[in-house]
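For reference, the structure discussed in these notes is given below.
The values are calculated or read from the model by the stated rules, or taken from the named source; none is laboratory data. Treat the numbers as computed from the prediction; the structure is a model and nothing was measured. Virtual Cβ from ideal backbone geometry, glycine too; neighbours counted across all protein chains shown.
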Amino acid sequence: MLSSRHLSALLPARIREAVRSRESGLVLAALCIGTASGCIVVAMSGIVQLMHSLFFGLDLSERLSAADAVEWWRALLVPALGGLCLGVISISVVARLRVRFADAIEANALYGGKLSFRASLVIAVQTIVSSGFGASVGLEAGYTQMCAAIASWTGQRLAARRADLRMLVAAGAAGAIGAAFDAPLAGAFYGFEVVLGTYAVSSLVPVAASALMATLVANELTGHISLLSPRIIGSIEGNKFVHTAAIGVICAGISIAVMEGVALAETVFTHPRLKTVLRPAAGGLVVGALALVTPQVLGAGHGAMQMDIVISRPIATIAALLVLKCLSSAISLGSGFRGGLFFASLLIGALAGRLYADLSAQIDPIWAIDAGAAAITGMAALGTGVLGAPVTMTVLALETTSEISITVAALIASTISSLIVREAFGYSFATWRFHLRGEVIRGPHDVGWIQELTVGRMMRTDVATAPAELSIGEMRSRFPLGATKQVALLKPDQTYAGLVLTADLYATENDINKSVSALACHAEAYLLPEMNIQRALDAFRRSEADALIVADSTISPRVMGLVSEAHALRRYGEELEKRNQEFIA
């Protein structure tokens, strides 16, 4: 595969220079990315809709989750068959593909925006298979993966700097969400909050341009498709905003339960007796069994969203739909289906808000909140709990309803939900998945440079060494005062025995006939070359040392070099200053 250097060489130097030196060049690149993103979203959505029509016997214009009924054998067996296909893909393609699998958030956090196009294509195919066969997952994960991969590939061809490449990846994801929801503002803020992690004036125009262009392209290709019809949504009066706070609290609890449910489902389906290839099929069979109760558990739930807000249903029915959708989403993701929880969280939140409104109407019809407004508020609150993006959800509510009172309600509920989830749980769904994998990623902020700045890159190799059997007098003759600050002592087998400071050698109270090993310190404290800067600074803090030896291993450690705390702090500060300059610029 071509390296970034070879890819960038395929384009004229003037084009590459325009992107590297001029903001307008980045904007033009973002517009191209947005155009491609709109086409990708339309293509993937069309493929999945065609699969639903073929596999579930629906009209091409009919949404799966809005179907009145699906033949029982289709509902039961199609998701299981899709899971089997996914399992085969996993063992035949994914296991053999020697590339790094990462989503846009992980790529921006750890790899400076570099995404594998082949891996992203495989993830997109897995998402299409999962959603096309009826698993309760959203296509949004596939949309953002492919659009971000296109952006990353484009940025690498244009020889974009690290900060610019990360910004282009965010622009690709913004285009994906903007086109998927016909919401360019929500797409732009998704790029800032979820994928980039920061907001800067320099990144506003490229990210917004990509989101807007993708939305326009998708609308031209498919027509205007809104999340909900604004005509069915009422408004919220001033004395009823207290309901929005309650909805925020409730949705925060539900979002935590759903994320924990996914982790629990993973534990169940990774049982040693269940072969890896059969895990998605087993999950699909369970989802199919739930679909025998209602087809609304199938797919992401776009059709169900329109239907459940418009149609008046008994409270018990809404509660049952809420529970079933939570279960189907957790089981689908936990068993190995590929996809996201974005749209599912919106549907679950809408059901939770609708349920709250109907219950409040039973208690006091006069003081009750409008059902449609409550649904949008719940949608924003639960989406925030799962995504960790309150501004994105608030803007989505605005673009969906064009109603200021509901936008304010969504903001209140979203901020409350975000606060509770951060305090009680500490993760969004994406970062929770990273946590389960053992990755130390709390967001898309660029921490990859921390992993790249290793002890091996910082150490000095000209370390003064001496046998540990020497006396203090012999050491003084070998190392005059001022020759070096410290000497590493070595055992007869050349392994590390401790560090001696030159100042201690020349302390007047020391007996020159005494073994120098008596002055040795930090014999058990040393660094390894693969440690990153953060772990190195932690080691300095624990040992209270000004300098530490770098050893080749923890077993029979041999001296490779030395790093001082002052040098490590200086390198850390230099890298931080680079990131700050990128942000300010």
Checked the stretch 178-205 for anything modelled with pLDDT under 90 and in a loop (DSSP other than H, G, I, E, B); matches are G197, T198, Y199, A200
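For (1) surrounded by fewer than 19 Cβ atoms within 10 Å (Cβ to Cβ); (2) among the hydrophobic types (A, V, I, L, M, F, W, C); (3) not assigned by TED's automatic domain parsing to the domain that holds G46, each residue gets a yes or a no:
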| site | (1), (2), (3) |
| --- | --- |
| W72 | yes, yes, no |
| L81 | yes, yes, no |
| C85 | yes, yes, no |
| S90 | yes, no, no |
| V129 | no, yes, no |
Scanning the stretch 419-448 for residues that are over 20 Å from A170 (Cβ atoms), at pLDDT 70 or above and not in a loop (DSSP other than H, G, I, E, B) gives L419, I420, V421, R422, E423, A424, W432
Subset of the stretch 516-531, residues at pLDDT 90 or above, under 14 Å from T495 (Cα atoms) and more than 41 Å from the chain's Cα centre (by Cα), comes to none
Answer yes or no as to whether V122 is of a type in the set (A, V, I, L, M) and touching a strand residue (DSSP E or B) at 6+ places or on another chain (Cβ under 8 Å). no
When the stretch 328-348 is checked residue by residue, the ones that are more than 20 Å from A263 (Cβ to Cβ) and either assigned by TED's automatic domain parsing to the domain that holds V129 or over 19 Å from the mean Cα position of the chain (by Cα) (or both) are L347
Out of (1) under 28 Å from A173 (Cα atoms); (2) modelled with pLDDT of 90 or more, the one V286 does not meet is (1)
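Condition check ((1) touching a strand residue (DSSP E or B) at 6+ places or on another chain (Cβ under 7 Å); (2) more than 30 Å from T198 (Cβ to Cβ); (3) not charged (D, E, K, R)) across all residues:
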| residue | (1), (2), (3) |
| --- | --- |
| L519 | yes, yes, yes |
| A536 | yes, no, yes |
| E544 | no, yes, no |
| V559 | yes, yes, yes |
| E575 | no, no, no |
| K578 | no, no, no |
Taking the stretch 400-418 and keeping only residues that are of a type outside the set (A, V, I, L, M), crowded, with 20+ Cβ neighbours inside 10 Å and modelled with pLDDT of 90 or more, one is left with T407, S414, S417, S418
Reported set for the stretch 314-344 where residues are within 9 Å of S136 (Cβ to Cβ) and surrounded by 21 or more Cβ atoms within 10 Å (Cβ to Cβ) is K325, S328, S329, A330, I331, S332, L333, F337, G339, A344
Residues in the stretch 484-513 that are more than 17 Å from T461 (Cβ to Cβ), within 51 Å of the chain's Cα centre (by Cα) and either assigned to a loop (DSSP other than H, G, I, E, B) or outside the structural domain of G561 (by TED's automatic domain parsing) (or both) total 4
Next on the checklist: Please verify whether A265 is more than 19 Å from G378 (Cα to Cα) and at pLDDT 90 or above, treating the condition exactly as stated.
Outcome noted: yes
Filtering the stretch 104-127 down to residues that are part of a loop (DSSP other than H, G, I, E, B), at negative phi and surrounded by fewer than 24 Cβ atoms within 10 Å (Cβ to Cβ) yields Y111, K114, S116
- prompt: V550: touching a residue at least 60 places away in the same chain (Cβ under 8 Å) and in a strand (DSSP E or B), yes or no?
  reply: yes
> Does at least one position in the stretch 146-160 carry a residue that is at pLDDT below 90, small (G, A, S), buried (at least 24 other Cβ atoms within 10 Å of the Cβ) and assigned to a helix (DSSP H, G or I)?
Replying inline: no
